[in-house]
């Protein structure tokens with residue numbers, strides 16, 4: 001053959017496929033599951049790995065067995081497999097025939113061990129959880145500035161509350177440095193920032209991607225944070241140790257935003273409702289006393305001592321005039337015998353009557369003054385400044401805020417100037 | 001870094017005080033003078049709470065290293 005034969009990619013792939021698929025008979029392999037995906041078709045794709053290598057795996061129609069075996073990411077399994085070659089993607093893969101757990105994978109084991117240790121220390125105690133502020137003035141977020149998590153988080157917050165204040169503490173969220181880096185950012189935020197709630201967040205990823213949030217330093221920093229902390233790591237199904245240590249766990253970054261901030265219009269509606277209830281209950285509170293006041297006024301008028309006194313005064317008048325007459329008669333009849341000293345009796349009686357009448361007048365005036373509401377109803381107003389009732393203009397200065405009580409309702413007014421008179 | 005004056009009651013405090021005043025008034029057993037005083041305080045608290053909902057201007061900032069190496073806040077555009 002003078003020239004080397006030229007073959008197509010497909011032909012080359014077919015040769016490789018043949019070699020690879022016949023490279024070894026079906027064999028048992030053990031490793032840890034990572035990046036697993038179960039498709040509706042029933043096929044399961046995952047990566048099987050150990051500390052030195054990783055191999056793509058496909059388990060055709062393995063979904064049921066996968067679920068029945070309780071398989072999940074981070075788990076170590078023993079699988080029966082044969083080598084395969086996926087020509088379209090040029091990818092070597094293991095074709096799984098069956099798989100079973102063989103104890104837990106190292107990451108999972110580390111997770112469980114640390115979780116148990118920290119739980120025993122009380123780091124996850126419900127009693128340690130701090131309540132979140134109802135309406136945080138400032139929200140701090142520890143995350144990657146480039147991540148989708150931050151974008152989602154900010155978007156939801158801004159939609160719910162136009163006046164929101166957010167502070168971002170940039171941090172690595174993946175890789176070897178991430179846990180220490182995020183712990184440092186969290187401590188810095190807690191010490192130097194003035195946020196009322198801190199959110200530690202990161203979007204979804206593989207169990208390895210999210211691993212920083214299971215590392216002891218970061219978990220302890222979350223537990224020790226004096227400011228209420230929310231943890232929103234990965235997706236709904238991902239649980240990190242930070243989730244257990246935080247005061248609140250949110251399933252996703254958007255959910256975290258929803259959990260820490262109630263929409264502004266809901267707050268406004270709630271406060272408006274309180275206002276309506278206040279108004280209604282004041283009306284209720286006034287109804288009974290006003291009715292009683294009305295009744296009392298009527299009874300006062302009817303049973304007024306003024307009236308009784310007037311009757312008595314009339315009686316006295318009558319009696320005194322009869323007395324006067326009788327006395328006059330008597331005096332006339334006995335004037336000569338008893339002498340003129342008796343005539344002094346009439347003026348003394350007159351004085352007694354006068355005293356009675358003036359006392360009566362006083363009582364009437366005091367009764368009238370007892371009803372300030374009636375004063376207000378005549379168009380007078382009661383002015384108060386800092387709780388003091390005003391009687392002199394000199395008690396206030398221009399600019400003072402006065403409360404004016406009217407017969408119905410009141411006003412808050414500001415003094416423009418002080419009139420001389 | 002702005003610090004709120006300590007005397008300003010928190011939104012929580014204002015709201016829970018408002019709630020308890022509404023509940024107390026609704027029981028309807030307060031003497032009139034106290035009812036009016038409670039009402040006036042309730043209206044003030046409701047005012048404080050609503051102001052708190054509109055007063056803050058949106059601000060998104062990110063912590064960055066300044067020219068002098070010290071941390072500083074910069075505006076963040078998502």
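Would you mind stating whether residue B:30 is at pLDDT below 90, buried (at least 16 other Cβ atoms within 10 Å of the Cβ) and not in a helix (DSSP H, G or I)? Write out each step before concluding.
Details: at pLDDT below 90: yes; buried (at least 16 other Cβ atoms within 10 Å of the Cβ): yes; not in a helix (DSSP H, G or I): yes.
So residue B:30 passes the test.
Only residues that are free of Cβ contacts under 8 Å to residues at least 40 places away in the same chain, touching a helix residue (DSSP H, G or I) at 6+ places or on another chain (Cβ under 8 Å) and not in a helix (DSSP H, G or I): list them for segment A:287-328, please.
Once the filter is applied, which keeps residues that are free of Cβ contacts under 8 Å to residues at least 40 places away in the same chain, touching a helix residue (DSSP H, G or I) at 6+ places or on another chain (Cβ under 8 Å) and not in a helix (DSSP H, G or I), segment A:287-328 yields nothing.
Could you please give the count of residues in segment A:192-216 that are out of contact with any helix residue (DSSP H, G or I) (no Cβ under 9 Å at 6 or more places or on another chain) and farther than 21 Å from residue A:129 by Cβ? Full working, then the answer.
Of segment A:192-216, the ones out of contact with any helix residue (DSSP H, G or I) (no Cβ under 9 Å at 6 or more places or on another chain) are A:192-194, A:196, A:205-206, A:209-210.
Next cut, farther than 21 Å from residue A:129 by Cβ only: A:192, A:194, A:205-206, A:209-210.
Adding up the residues that qualify gives 6.
If I filter segment A:290-304 for residues that are within 30 Å of residue A:135 (Cβ to Cβ), within 12 Å of chain B (Cβ to nearest Cβ), surrounded by 12 or more Cβ atoms within 10 Å (Cβ to Cβ) and at pLDDT 75 or above, do I get at least one hit?
Start the filter on segment A:290-304 by keeping residues that are within 30 Å of residue A:135 (Cβ to Cβ), which leaves none.
No, every residue in segment A:290-304 fails to be within 30 Å of residue A:135 (Cβ to Cβ), within 12 Å of chain B (Cβ to nearest Cβ), surrounded by 12 or more Cβ atoms within 10 Å (Cβ to Cβ) and at pLDDT 75 or above.
Would you confirm whether or not segment A:200-211 contains a residue that is touching a residue at least 40 places away in the same chain (Cβ under 8 Å), more than 30 Å from residue A:50 (Cα to Cα) and in a loop (DSSP other than H, G, I, E, B)?
For segment A:200-211, residues touching a residue at least 40 places away in the same chain (Cβ under 8 Å), more than 30 Å from residue A:50 (Cα to Cα) and in a loop (DSSP other than H, G, I, E, B): absent.
Could you say whether any residue in segment B:68-77 is touching a strand residue (DSSP E or B) at 6+ places or on another chain (Cβ under 9 Å) and surrounded by 15 or more Cβ atoms within 10 Å (Cβ to Cβ)?
yes
Exactly one condition in (1) surrounded by 20 or more Cβ atoms within 10 Å (Cβ to Cβ); (2) within 21 Å of residue A:118 (Cα to Cα) is false for residue A:234; which is it?
(2)
Select the strands (runs of 3 or more DSSP E) contained entirely in segment A:83-177, then report the ones holding at least 3 residues which are outside the structural domain of residue A:21 (by TED's automatic domain parsing) and closer than 20 Å to residue A:202 by Cα.
A:139-143, A:165-170
Across segment A:231-253, what is the total count of residues that are in contact (Cβ under 8 Å) with a residue 40 or more places away in the chain, assigned to a strand (DSSP E or B) and closer than 17 Å to residue A:151 by Cα?
1
Going by the structure shown, is residue B:78 touching a residue at least 12 places away in the same chain (Cβ under 8 Å), in a loop (DSSP other than H, G, I, E, B) and more than 7 Å from chain A (Cβ to nearest Cβ)?
Criteria not met by residue B:78.
Could you list, in sequence order, the residues of segment A:254-284 that are surrounded by 13 or more Cβ atoms within 10 Å (Cβ to Cβ), part of a helix (DSSP H, G or I) and more than 10 Å from chain B (Cβ to nearest Cβ)?
A:254, A:255, A:256, A:257, A:258, A:259, A:260
Taking segment A:124-161 as the region of interest, how many residues are facing chain B (nearest Cβ under 7 Å), more than 17 Å from residue B:11 (Cα to Cα) and under 18 Å from the mean Cα position of the chain (by Cα)?
1
Each row is one residue, and each column tells you yes or no for (1) at pLDDT below 90; (2) within 9 Å of chain A (Cβ to nearest Cβ); (3) more than 30 Å from residue A:154 (Cα to Cα).
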site: B:3; (1), (2), (3): yes, yes, no
site: B:12; (1), (2), (3): yes, yes, no
site: B:18; (1), (2), (3): no, yes, yes
site: B:35; (1), (2), (3): yes, yes, yes
site: B:44; (1), (2), (3): no, no, yes
site: B:52; (1), (2), (3): yes, yes, no
site: B:65; (1), (2), (3): yes, no, no
site: B:70; (1), (2), (3): yes, no, no
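Taking the condition buried (at least 22 other Cβ atoms within 10 Å of the Cβ) and either modelled with pLDDT under 90 or touching a helix residue (DSSP H, G or I) at 6+ places or on another chain (Cβ under 8 Å) (or both), does residue A:113 pass?
Details: buried (at least 22 other Cβ atoms within 10 Å of the Cβ): no; either modelled with pLDDT under 90 or touching a helix residue (DSSP H, G or I) at 6+ places or on another chain (Cβ under 8 Å) (or both): yes.
So residue A:113 does not fit the description; no.
The values are calculated or read from the model by the stated rules, or taken from the named source; none is laboratory data. Quick caveat: nothing in here was measured; it's all calculated off a predicted structure. Every residue, glycine as well, gets a Cβ built from its backbone with ideal geometry; the counts of neighbours run over all protein chains shown.
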